[in-house]
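Some notes on the structure that comes next.
The values are calculated or read from the model by the stated rules, or taken from the named source; none is laboratory data. Since this is a predicted model, take the numbers as computed values, not measurements. Backbone-built Cβ (ideal geometry, glycine too); neighbour counts: all protein chains shown.
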Amino acid sequence: MAAGGTYPTSCDESPWEQILDYGIDRGTPYIVMELLEGESLAQCLTRLGRLTARDTAHVLSQVAQGLTRAHGKGIVHRDLKPENNIHCL
């Protein structure tokens, strides 16, 4: 993927943020992504206790879409967890 590649941030398009830069610095790979503001799935679960079946299906669908798109570009997300999921319910 070229530096500055984008993943649309709108929930209507794709649940992935924009990648601003990437590379290797002193042997360590890095990715710079846009800063997302909002509530993580972990914060939402703490606040609500649990999601409805409909909201759960919506979140899982967004995550699956994002992972499918990333995997199609050869990207593996190695830290998938509620704290790293800014969701759009």
| remark: Picked from the stretch 63-89 (must be among the basic types (Lys, Arg) and not in a helix (DSSP H, G or I)), the residue modelled with the highest pLDDT is Lys81
| Residues of the stretch 20-39 satisfying the condition of being farther than 17 Å from Arg78 by Cα, in contact with a strand residue (DSSP E or B) (Cβ under 6 Å, 6 or more places away or on another chain) and assigned to a strand (DSSP E or B) | Leu20, Asp21
| task | Consider Ala53 carefully, then state whether it is exposed (fewer than 10 other Cβ atoms within 10 Å of the Cβ) and among the small types (Gly, Ala, Ser). | result | yes
| Hey, among the residues in the stretch 17-52 that are touching a residue at least 12 places away in the same chain (Cβ under 8 Å) and among the polar types (S, T, N, Q), which one's farthest from Pro82 (Cα to Cα)? | Gln18
